[in-house]
Amino acid sequence: MYGRVLGVTVLGVGGHLVTVEAHVGRGLPSLTLTGLPGAAVRDATERIRPAVESQELEWPLRRVVVNLAPGNLRKDGPGLDLPVATGVLAATAQVPTAKLGRFALAGELSLKGELMPTPGILSVAIAAARAGLEGVIVPRVNALEAAQVDRLRVVAASTLAEVVAFLKGAWQPSEPEGPPLESEGPSDVDFGDVRGQSQARRALEVAAAGGHNVLMIGSPGAGKTMLARRMTTILPSLSREEALEATQLHSVAGLLAGRGVLRARPFRAPHHSISTTGLLGGGTGYLRPGEVSLAHHGVLFLDELTEFHRDAIEGLRQPLEDGGVVVTRAIGSVEFPARFTLVAAANPCPCGFEGDQRRHCRCRSDRVEHYRQRLSGPLLDRIDLRLRVPRLTKHELMGGEQGEPSSAIRDRVQAARDRQLERWNDLGLACNAHLPGPIARRRVGLTRAGEATLEAAVDQLALTGRGFDRAIKVARTVADLAGADEVDTEHVAEALSFRDGVVLDGLARAG
């Protein structure tokens, strides 16, 4: 007796179609899985029989062999429970085979036969659509994310018995219900709440407009965290394509059950005790995305940057440079997208008050130097804007004047992004920060005066090749915010002031 069902396994963020073949033959009662199953798939051998019997279906008291093809592809995750169980039922003629070739099945089974929330269902739906299938059969709680894929029928079931009834034509599922979009971020977070800090506000506006990375250094209580948490309020809304990419990563991580496509840009703020695997992704079995990937198309906020494990923050070099991270383990290698805006914050010294005008720093000079060496030069070179965030004055703390609201800043950011999207349309890029260095040098539109300013900065600031390219791209963003077609001296000077941490008036005059 033989049954054949289609399933999907998720590797990284991509779904891969799996043919589940079930054979029931002579031998002692057992269930054997072949075809390179992972640990989570092998666990199904103990789950599936109780699930089938709990739904008042018959489990064959014979030897059952289930093959997962292709055999050279590792199968991970619990989503193959449902196709394996359905394949056995098809082999024993308990379900008809007419619909089995037109639908992909995915879902974890409980011992009672209920379909549990399953990670990666959006990837399953995308893989089914690409394969030209009619639809997918998934747990009801995951139906909204599967429904984001166009021209794909979504059958939302709560139990294995409902799946069997649908395949027999005895039950018709209802349409997935619930809000199709996640709500925007909290409305009580706004840049209008920020007092003072004009330079930091400007730096974050430039970062948002061009997709640049920022490091804020200041004493405790200066407002670094407050500024960072408002970054997403000035970013443009997610495009449909960006929303699906970000949603797919959250789906694979198991963070999306019961919700549709993400609408608000992700904001991830992991604690400094996070492991390298937690930050970059991986795992001993099922390879999952880390915080850098969960922040894809959003903001990754690393507070107390110097307190993170050295290997974790040094691992940021690849995603900051390439917009992705490759995770390699003994079980295989996967690539996760990680195109995020890094906003980092740190104290200037161990006690936090070095350079503070009101509090005296008690740290020895050697301790301050050792503290700063926790951030390597290659990492800092990948951060476009670096600035000091000073302590607020008494007037700024007590003053009742509201700062500029996020909506006004976001309008300027959106206008600058629109200019970039039109300029780099032939390259498929959305932000100046994503521009390759050689192209940036040729196409940003530097004036002769701007070139002279940059030339003077190379010696005075000891710019590396990467630092030079990043300064050009930040200057292009400053010009976009000003609505300028060319990058002139004032734009270059402002970009360099953020990179060096001081206002370079003398350098601008030299240019």
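The values are calculated or read from the model by the stated rules, or taken from the named source; none is laboratory data. Computed from a predicted model, the values in this text were never measured in an experiment. Cβ: placed from backbone, ideal geometry, glycine included. Neighbour counts: every protein chain shown. Side chains included, ligands, DNA and RNA excluded: accessible areas come from the protein's heavy atoms. Shrake-Rupley method; radii C 1.70, N 1.55, O 1.52, S 1.80 Å.
Compute the FRET efficiency between residue 99 and residue 32 as 1/(1 + (r/R0)^6), taking r as their Cβ-Cβ distance and R0 = 35 Å, and round to the nearest 0.05. About 0.85, to the nearest 0.05. Pairwise alpha-carbon distances in segment 358-511 exceed 28 Å for 33% of all pairs.
Over segment 287-397, the fraction of Cα-Cα pairs per 5 Å bin, rounded to whole percents and listed from the shortest bin up, is 2, 10, 17, 19, 16, 12, 10, 7, 4, 2, 1, 0. With only the Cα atoms considered, segment 224-332 has a convex hull volume of 120 Å³ per residue. Would you compute the Debye intensity of segment 416-491 from its alpha-carbon atoms alone, equal scatterers and no solvent, and pass along log10 I(q)/I(0) at q = 0.22 Å⁻¹ to two decimals? Results for segment 416-491 at q = 0.22 Å⁻¹ read -0.97. Distances between placed amide hydrogens fall under 5 Å for residue 159 paired with 115, all partners being 5 or more residues away or on another chain. Counting every alpha-carbon pair across segment 131-250, the share separated by more than 18 Å comes to 66%. Of the trypsin sites (Lys or Arg not before Pro) found in segment 336-373, those that fall in a DSSP loop while having at most 16 other beta-carbon atoms within 10 Å are 358, 359, 362, 364. Restricting segment 8-54 to trypsin sites (Lys or Arg not before Pro) that sit in a DSSP loop and have at most 15 other Cβ atoms within 10 Å of their own Cβ leaves 26. Amide hydrogen proximity for residue 11: with H placed 1.01 Å from N in the peptide plane, the residues at 5 or more positions away or on another chain lying under 5 Å are 16.
On a 0 to 90° scale, report how tilted helix 406-423 is relative to the longest principal axis of the chain, with both axes built from alpha carbons and the result rounded to the nearest 10. Orientation of helix 406-423: about 80 degrees from the principal axis.
What FRET efficiency do you get for residue 74 and residue 402 if R0 is 56 Å and r is their Cβ-Cβ distance, rounded to the nearest 0.05? Step by step, r from the Cβ atoms, then E = 0.50. Can you compute the FRET efficiency between residue 116 and residue 61 using 1/(1 + (r/R0)^6), with r the Cβ-Cβ distance and R0 = 25 Å? Round to the nearest 0.05. Efficiency, rounded to the nearest 0.05: 0.40.
Computed with a 1.4 Å probe over protein heavy atoms only, the accessible surface of the chain comes to 43 Å² per residue. Relative to the longest principal axis of the Cα atoms of the chain, the long axis of helix 81-91 makes an angle of roughly 20 degrees. From the P(r) of segment 395-447, could you give the percentage of C-alpha pairs in the tail past 14 Å? Roughly 65 percent, once rounded to a whole number. Note on the chain: Lys pairs 8 or more places apart or on different chains, Cα atoms under 26 Å apart, count 7.
Sequence-ordered 3J(HN,Hα) estimates for segment 327-344 from the Karplus curve with 6.51, -1.76 and 1.60 and θ = phi - 60° stand at 9, 10, 9, 4, 7, x, 9, 9, 10, 10, x, 8, 9, 10, 9, 7, 10, 10 Hz, glycine and proline given as x. Helix 489-500 and the longest principal axis of the C-alpha atoms of the chain enclose an angle of approximately 70°. Over segment 283-333, the alpha carbon radius of gyration divided by the compact-protein estimate 2.2 N^0.38 Å works out to 1.22. Principal axis extents of the C-alpha atoms in the chain (largest first, rounded to whole Å): 88, 49, 46.
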